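Let me begin by handing over the structure; questions about it come next.
The values are calculated or read from the model by the stated rules, or taken from the named source; none is laboratory data. All values derive from a computational prediction rather than experimental measurement. Glycine gets a Cβ as well: all are built from the backbone with ideal geometry, and neighbour counts include every protein chain shown.
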Amino acid sequence: MKYTRILCTILAMLASAAAGTALAAAKTEKLQIVTTTTDLKAIAQAVGGEKVSVTSIATGYENPHYVQAKPSFMMLARKADLWIRVGLELEIGYEELIIDGSRNRNIRIGKPGHLDASEKVLRLEVPKTRVTRELGDVHPQGNPHYWLDPLNARIVAASIARRLSKLAPENTEAFEKNLAAFQNALDERMFGAVLARKVGGGKLWAMELKGTLQEYLIARKLTNDLGGWSAAMRPLRGSKIITHHRSWSYFVNRFGLIVAVELEPKPGVPPSGAHLLKVMSRAKAEGVGLILLEPAYNRKAADLVAKKTGVTVVVCAISVGGQKEAVDYLALIDLIVDRISKAATK
Ligand SMILES: [Zn+2]
């Protein structure tokens with residue numbers, strides 16, 4: 001009898017110790033996030049902080065339209081608590097294959113473990129007519145390269161924070177704090193720290209969207225306080241550029257550049273000789289200063305146009321990790337602004 005009681009006590013102690021460890025493990029366990037791109041990874045990391053562990057399917061230097069649905073990605077997705085995609089059909093060639101292959105029901109479209117980051121972003125180039133293959137690789141819901149508008153990164157960060165709080169409500173406070181820090185840092189980089197502190201990021205973005213910011217700054221004698229990306233890009237407003245693919249629309253729109261023509265005759269269709277002749281004559285006629293392309297594309301066509309017309313070729317990453325300087329989202333936009341403004345003032 002006595003021994004049985006002792007045994008029971010020991011077993012009970014062991015059981016409660018085991019339960020304690022399990023509880024501790026649950027508390028320290030990080031949410032496993034898988035993103036399709038490195039930009040989403042960088043933003044999710046900034047918002048999730050130490051409460052999450054994030055992996056990206058694509059690297060920053062490959063073409064995000066064409067990613068192979070490898071079994072290793074399915075293994076990654078199998079363990080994911082949250083899957084985040086760019087959306088607008090950017091991942092149409094591989095997302096379904098990976099999610100199906102993962103057999104993880106929690107990250108299927110429509111589940112809380114699946115987040116489409118495009119939900120609330122500002123979209124450009126939403127076709128008004130029916131999309132056919134004739135148009136090239138045109139996305140029926142709009143151009144999916146929206147992360148190059150810093151405002152969209154701000155919006156995506158908020159969507160991620162909201163979803164993380166739903167999945168791990170106990171960490172809501174931490175996610176909100178991280179989100180505010182990310183948005184503040186972004187606003188300071190966009191408008192300069194002095195102006196962001198004086199006026200407030202939210203108000204500045206609202207005026208930027210209405211197109212009244214410049215007017216406001218003049219009226220309040222704050223023009224000299226404008227810093228950051230806005231100030232660096234302001235002298236280039238209205239400058240005409242050439243891009244390889246239609247991946248720069250959001251950046252160009254935010255900072256007032258104009259794409260005169262693209263090296264691809266249609267999105268996703270490689271440059272042809274006949275089209276390049278047209279590009280060269282447009283470049284000369286419209287006084288184009290530079291050709292912008294990302295490392296994923298062969299630069300032969302750009303170099304040929306440059307040789308015939310004297311424009312400068314700028315190879316610049318459009319994703320985090322696409323070039324070594326682009327270590328996170330803010331550094332990516334820093335890099336793009338720096339490369340473009342340096343080439344333009346050359
Ligand atoms: Zn594209």
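Test of understanding: among ILE155, ILE109, which residue is away from the ligand (no atom under 16 Å from the Cβ), of a type in the set (A, V, I, L, M) and touching a Lys or Arg at 6+ places or on another chain (Cβ under 7 Å)?
On the way: ILE109 fails: touching a Lys or Arg at 6+ places or on another chain (Cβ under 7 Å).
That would be ILE155, the only listed residue that is away from the ligand (no atom under 16 Å from the Cβ), of a type in the set (A, V, I, L, M) and touching a Lys or Arg at 6+ places or on another chain (Cβ under 7 Å).
Now for a separate question. Considering only residues of the stretch 88-98 that are more than 16 Å from the ligand (Cβ to nearest atom) and surrounded by 14 or more Cβ atoms within 10 Å (Cβ to Cβ), which is nearest to the chain's Cα centre (by Cα)?
First, pick out the residues of the stretch 88-98 that are more than 16 Å from the ligand (Cβ to nearest atom): 96-98.
Now narrow it down to the ones that are surrounded by 14 or more Cβ atoms within 10 Å (Cβ to Cβ): 97-98.
Working: LEU97: 22, ILE98: 20 Å.
That would be ILE98.
Would you check if ASN224 is surrounded by fewer than 20 Cβ atoms within 10 Å (Cβ to Cβ), at pLDDT 95 or above and under 22 Å from LEU88 (Cβ atoms)? Quick ask: steps written out before the conclusion?
On the way: surrounded by fewer than 20 Cβ atoms within 10 Å (Cβ to Cβ): yes; at pLDDT 95 or above: yes; under 22 Å from LEU88 (Cβ atoms): no.
Considered against the rule, which asks whether it is surrounded by fewer than 20 Cβ atoms within 10 Å (Cβ to Cβ), at pLDDT 95 or above and under 22 Å from LEU88 (Cβ atoms), ASN224 comes out as no.
Let me ask another. Could you grab me the full set of residues in the stretch 112-133 that are farther than 24 Å from TRP248 by Cα and either in a loop (DSSP other than H, G, I, E, B) or within 16 Å of the ligand (Cβ to nearest atom) (or both)?
Within the stretch 112-133, PRO112, GLY113 meet the criteria.
Could you list, ordered by first residue, the pairs with Cβ atoms under 7 Å in which the first is in the stretch 19-44 and in the same structural domain as ASN104 (by TED's automatic domain parsing) and within 14 Å of ALA58 (Cα to Cα) and the second is among the basic types (Lys, Arg) and at pLDDT 95 or above, at least 6 apart or interchain?
Every condition considered, the pairs that remain are THR35/LYS41; THR36/ARG85.
Return the residues of the stretch 134-148 that are assigned to a loop (DSSP other than H, G, I, E, B) and either surrounded by 19 or more Cβ atoms within 10 Å (Cβ to Cβ) or within 11 Å of the ligand (Cβ to nearest atom) (or both); say none if nothing qualifies.
GLY136, ASP137, VAL138, HIS139, GLY142, ASN143, PRO144, HIS145
Looking at VAL288, is it assigned to a loop (DSSP other than H, G, I, E, B), touching a strand residue (DSSP E or B) at 6+ places or on another chain (Cβ under 9 Å) and at negative phi?
Details: assigned to a loop (DSSP other than H, G, I, E, B): yes; touching a strand residue (DSSP E or B) at 6+ places or on another chain (Cβ under 9 Å): yes; at negative phi: yes.
Against the criterion (assigned to a loop (DSSP other than H, G, I, E, B), touching a strand residue (DSSP E or B) at 6+ places or on another chain (Cβ under 9 Å) and at negative phi), VAL288 qualifies.
Tally up the residues in the stretch 58-76 that are among the polar types (S, T, N, Q) and within 15 Å of the ligand (Cβ to nearest atom), please.
1
Somewhere in the stretch 208-226, is a residue touching a helix residue (DSSP H, G or I) at 6+ places or on another chain (Cβ under 7 Å) and either among the small types (Gly, Ala, Ser) or within 16 Å of the ligand (Cβ to nearest atom) (or both)?
Within the stretch 208-226, the first condition is being touching a helix residue (DSSP H, G or I) at 6+ places or on another chain (Cβ under 7 Å), and the residues that meet it are 213, 216-217, 222-223, 225-226.
Add one more test, that the residue is either among the small types (Gly, Ala, Ser) or within 16 Å of the ligand (Cβ to nearest atom) (or both), and what stays is none.
No, the stretch 208-226 contains no residue that is touching a helix residue (DSSP H, G or I) at 6+ places or on another chain (Cβ under 7 Å) and either among the small types (Gly, Ala, Ser) or within 16 Å of the ligand (Cβ to nearest atom) (or both).
Sticking with this structure for a sec: Before we move on, is SER230 surrounded by 18 or more Cβ atoms within 10 Å (Cβ to Cβ), under 30 Å from LEU204 (Cβ atoms) and in contact with a Phe, Trp or Tyr (Cβ under 7 Å, 6 or more places away or on another chain)?
Taking the combined requirement at face value, the residue satisfies it.
When the stretch 238-254 is examined, which residues are found to be without any contact (Cβ under 8 Å) to a residue 60 or more places away in the chain and closer than 21 Å to LEU330 by Cα?
VAL252
Right, something else. Report, by residue number, each residue of the stretch 307-346 that is surrounded by fewer than 19 Cβ atoms within 10 Å (Cβ to Cβ), over 25 Å from the mean Cα position of the chain (by Cα) and not basic (Lys, Arg).
Those that are surrounded by fewer than 19 Cβ atoms within 10 Å (Cβ to Cβ), over 25 Å from the mean Cα position of the chain (by Cα) and not basic (Lys, Arg): THR309, GLY310, THR312, THR345.
Answer yes or no as to whether PHE191 is within 16 Å of the ligand (Cβ to nearest atom), at pLDDT 95 or above, surrounded by 20 or more Cβ atoms within 10 Å (Cβ to Cβ) and closer than 26 Å to ALA317 by Cα.
Answer is no for this residue.
Additional query: Considering only the stretch 78-87, I want to know if a residue exists there that is assigned to a loop (DSSP other than H, G, I, E, B) and within 16 Å of the ligand (Cβ to nearest atom).
yes
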